[in-house]
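Asks: First the structure, which I've put down as structure tokens, then a few questions once you've had a look.
The values are calculated or read from the model by the stated rules, or taken from the named source; none is laboratory data. Computed from a prediction, not measured in an experiment: that's the story for all the values here. FYI the Cβ positions are ideal-geometry reconstructions off the backbone, even for glycines, and counts take in every protein chain you see.
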């Protein structure tokens, strides 16, 4: 009887992990839609290709090497011992029953959950370098980022490494996933330079409006939904009263932080620009989500709303500031995931007594420097060898033309040549 | 051992509630896509902004006041006692185990499920007033509706108030959510008047086609999917044979009612207009879903199909009728959620022997009058103070221009000015 | 105590079935978006209508007759005995407890899961015959296919018929669902002929680009997400260590097979055409998913990746080959679901020792011949009686105009007449 109950709990926790992972996988669609809505139509097919491909590369690279690097110090881990096996052997029923509850979910469900996180980090890069980077250079970067750069820093915290020991607290990855993605993006953007026409010779900043805002909106809603899995699944257990209460609180806090981010960004943009700027509102939702990701469990729902709202205010000013610095980020990814990711990490000690500002700063600096420097080296090698930037005329024609050989909306443009044959 | 089983059941029911709530949250994306697909491109960014913002406002207002108003008479409830706490204290493991199964899910999971329902009711309003209402007047209305008007009537049924005592039966909210939303919308629409050009001086009714029907379609599919959580979660329990059978039946009935609505609306439109009208077909799906929401458990699947199909027929005629009455509802929300919501409530006694036509009528009249009158007062105050309608030239230019300062599709229109800089 | 545990396991398995079913239902949205993105704008509203309607028809027809045909030989089954009942009577708590675990999920949850599979098979047909078939002929075909042709062959394997006895192994339906859909599509396409202008008189093959590639991309992501339910739910049980490990492995393998398909198709298209073809990349994802569907449990994740990758390579060449044969399939459905479905079935014996090439071939031939011939007869009857092909001038104007009387994007086209009234 007791064994059946143990097995049932194992099944429930595994199912909860799998559903959470499926929701995070869905975030890949969210990034694809968000980014394709915020670029121009002439770069849309390329950014879609990039998003589908980077997700796939992340899944395969993490399977082959990344997971083993990240969890090298975990029980049953170890890179060399795993290289032939690829993944930890699955738990046998005997081991589960003998473990007295220590083994409480499928090892493969853990892998599934982790692998979609890697893809999330990589998706963040995609938007920032949009419309001017060579596709294949980007994809090669994705191989290194998801197979090596991300897992190495991931092992420092979630793999039980030095940041975990130092008390760095990042519940679901404001830093490990979001700021890491933004750091890699920043390195790429600095080496790549802004899109042609974005900044004028006399210091003008030209708005380059996204081609399809309903896409950006559904992308944001997809990310919002997926974040319930991202944060909710990071509790890692569900099967008793305490744990399921925790997961419920994370759902509530995640939702209300996003809501706070929306309201704050909407009002901030209204005050700053005089209009209800939709793209800022969407970035406000994402900022609220990123901000609460470092600690979605400890705050009360009201505090979570405020943490999200502050994220929503920060993101508006961060986007404006980056433009002043002539750092061209077409979708605002560095502001949303990087700047607000740092805010989320710094906000952890407000509600979580086990966290300290010192440890948070150590984590921020460590992760940022590692990802930024490692990424910069890879981008630089790519720049020197194959080139990372499109030719000027190709950029003018659009990435779709040169990279994909097709148009995203062949019939909708003035010069569209599709339609009736 | 018994305690572990009790805890496991609690975890499963909480998880079921959270997944159901996430599906209902996803309906916010459905409404955003449906509505943005059915308006003109010049009002698209504004309606997207409205949808993201109203969801966020609903979540925060219901957190701060709404939930406490609605469940004032519930155990542990009471408005004044809660105002500092915002939400019921979470159940301790001791209380759960001592309750003998009476406490079987997390209080915060209940809040999460309830809060997404409020947002659904508010989403309904958004579509009906599209393309001509001032954004900020709408958002202020959303504050009052989600924080006060909706919860007050919600307390009458689900909070254990007089409608519950009178035997009013509304399983998942054909009336409490859908008709309530439609009543608020109707009050707004009547005070607002039709869009310019919708009705000609000689009684002509001009069709104003939606700009992006794939968006409307994905919106409908999202709503369909989300409705499994909306109705399925309203069973409130899953963890034994009887309850999980009930949830399964609700899934089947919800799905087949929507299917019946589609087929009936498609054929009705074919007979009435000679064409397979896509927008009517989509409204047929939603009508089927609204119709079954008042009682998705008692009917056999075949009866559920018929109830949905009748909803699908009704919605076609309701949309035509409202146009004849010169009530301009760009997305058909009042017909789908209001008229068919009433049908759903009246259909309950067919399969549910505990329901009576008298109690159903009492509920319909009470909810409608309260929401309609309270909403009309708020709309009126907004009209007198800040104005609820766009200036004539702003409406001609489009809500996006004046309210959001950007375009939803800057490159796709004849006069588009985006693209190559 | 033991009874409570049995009930809890029943509830968990039922919930797992319902969530899996909801994910498969969501695939209907995926097909609708994929297909509407890959056709021209003038056929978009019609293909959306078709997709919403076929899903609904499938649900109702399978309810009324299909389920009973397919599971005629199952315990409690039998067509004649069921006709009044429509569905098996639900399990009572007593029967569940008395069954010793043999009855472990709700009968209606099984129906829900099965019904969405039928709709998937039918969705496959829709894309292949796009842009030139009469809507109502298609819908009548859908009635016969979902109520009769599909369930008959489904009964051979999943209903315990001769293919099950012969050892034919098709875990989640590479053949029973995907190749079956493709066989029906092929019969329709051959009788229908290619779209006007697709193939020139001198053997030219003209590309007819899809109008909206972001739609096609979100459609692919939706299908990818839904496939976790499609394959994961086909394990049919979750509630112990062995079963939940199996479901986890299926999630991992399904995901990584799709990733392998993407990478392989992307590289294959790059080598073959010199560009990173987005539509081929999307078809690569779907090919990976179809390929792994016949056996998502037995292979290691690395082998699953390879099986998916081979699917991704096959699909590129299959699409090219079909075009050379002048078989016009606007969305590549026959290649993705038919050709790669066969690959998936033939790959089963690689990892599953219980499968044999002989039995797999028997299944492929039996299912293909039955569905192809039965479909061809129905298409032929439709062709002779009401006609299956649009008039030439209607096809030139677009299916939307003649069938739906509206446009999918009235404002975006050069000759758009929407917008300001």
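Asks: Can you give me the ranges of the helices (runs of 4 or more DSSP H) entirely in the stretch C:51-109 with at least 3 residues that are more than 12 Å from chain B (Cβ to nearest Cβ), surrounded by 19 or more Cβ atoms within 10 Å (Cβ to Cβ) and modelled with pLDDT under 90?
Replies: The qualifying helices (runs of 4 or more DSSP H) are C:67-70.
Asks: Quick one: is residue B:159 modelled with pLDDT under 95 and either more than 14 Å from chain C (Cβ to nearest Cβ) or surrounded by fewer than 19 Cβ atoms within 10 Å (Cβ to Cβ) (or both)?
Replies: Taking the combined requirement at face value, the residue satisfies it.
Asks: Here is a further query. Can you name the condition, by its number, that residue A:183 falls short on among (1) crowded, with 24+ Cβ neighbours inside 10 Å; (2) within 14 Å of chain B (Cβ to nearest Cβ); (3) more than 20 Å from residue A:24 (Cα to Cα)?
Replies: Every listed condition holds for residue A:183 apart from (2).
Asks: Return yes when residue C:412 is at pLDDT below 95 and touching a helix residue (DSSP H, G or I) at 6+ places or on another chain (Cβ under 9 Å) and no when it is not.
Replies: Answer is yes for this residue.
Asks: For the stretch A:199-210, indicate whether the set of residues that are buried (at least 24 other Cβ atoms within 10 Å of the Cβ) and touching a residue at least 12 places away in the same chain (Cβ under 8 Å) is non-empty.
Replies: yes
Asks: Let me ask you something else. Would it be correct to say that residue C:369 is more than 14 Å from chain B (Cβ to nearest Cβ), free of Cβ contacts under 8 Å to residues at least 40 places away in the same chain and part of a helix (DSSP H, G or I)?
Replies: yes
Asks: Right, next: Go through A:334, A:327, A:310 for me and flag whichever is closer than 21 Å to residue A:368 by Cβ and crowded, with 24+ Cβ neighbours inside 10 Å.
Replies: A:334
Asks: Only one of B:371, B:365, B:348 is surrounded by fewer than 16 Cβ atoms within 10 Å (Cβ to Cβ) and either at pLDDT below 95 or closer than 15 Å to residue B:176 by Cβ (or both); which?
Replies: Exactly one of B:371, B:365, B:348 is surrounded by fewer than 16 Cβ atoms within 10 Å (Cβ to Cβ) and either at pLDDT below 95 or closer than 15 Å to residue B:176 by Cβ (or both), namely B:365.
Asks: In the stretch A:254-301, what count of residues is obtained for those that are closer than 18 Å to residue B:112 by Cβ and in contact with a helix residue (DSSP H, G or I) (Cβ under 7 Å, 6 or more places away or on another chain)? Walk me through how you get there before you give the answer.
Replies: Here is the first cut: in the stretch A:254-301, the residues closer than 18 Å to residue B:112 by Cβ are A:254-262, A:285, A:288-289, A:292-293, A:296-301.
Then drop every residue that is not in contact with a helix residue (DSSP H, G or I) (Cβ under 7 Å, 6 or more places away or on another chain), which leaves A:254-262, A:285, A:288-289, A:292-293, A:296-299, A:301.
The qualifying residues number 19.
Asks: Further question on the same structure: Just wondering, is there one or more residues in the stretch A:116-132 that are surrounded by fewer than 24 Cβ atoms within 10 Å (Cβ to Cβ) and within 18 Å of residue A:25 (Cβ to Cβ)?
Replies: Within the stretch A:116-132, not a single residue is surrounded by fewer than 24 Cβ atoms within 10 Å (Cβ to Cβ) and within 18 Å of residue A:25 (Cβ to Cβ).
Asks: With A:234, A:169 as the choices, which residue is modelled with pLDDT of 95 or more, part of a loop (DSSP other than H, G, I, E, B) and closer than 30 Å to residue B:113 by Cβ?
Replies: None of the others qualify; the one that does is A:169.
Asks: Would you call residue A:390 within 26 Å of the chain's Cα centre (by Cα) and closer than 30 Å to residue C:211 by Cβ?
Replies: The answer is yes for residue A:390.
Asks: Looking at B:271, B:303, can you tell me which residue is without any contact (Cβ under 8 Å) to a residue 12 or more places away in the chain and not in a loop (DSSP other than H, G, I, E, B)?
Replies: B:271 is the lone residue from the list that is without any contact (Cβ under 8 Å) to a residue 12 or more places away in the chain and not in a loop (DSSP other than H, G, I, E, B).
Asks: Between residues in the stretch B:275-298 that are within 13 Å of chain C (Cβ to nearest Cβ) and residues that are surrounded by 24 or more Cβ atoms within 10 Å (Cβ to Cβ) and part of a loop (DSSP other than H, G, I, E, B), which pairs lie under 6 Å by C-beta distance while being six or more apart or on different chains?
Replies: Qualifying pairs under 6 Å: B:283/B:332.
Asks: Here's a check for you: in the stretch B:191-231, which residue that is at the interface with chain C (Cβ under 7 Å from one of its Cβ atoms) and not in a helix (DSSP H, G or I) is farthest from residue B:288 (Cα to Cα)?
Replies: For the stretch B:191-231, the residue satisfying everything is B:197.
Asks: Moving to a separate point now. Restricting attention to the stretch C:396-414, does a residue exist that is more than 14 Å from chain B (Cβ to nearest Cβ) and not in a helix (DSSP H, G or I)?
Replies: no
Asks: Which one is surrounded by the most Cβ atoms within 10 Å (Cβ to Cβ) among residues in the stretch C:238-268 that are more than 9 Å from every other protein chain (Cβ to nearest Cβ) and farther than 21 Å from residue A:110 by Cβ?
Replies: Residue satisfying both the conditions and the ranking: C:265.
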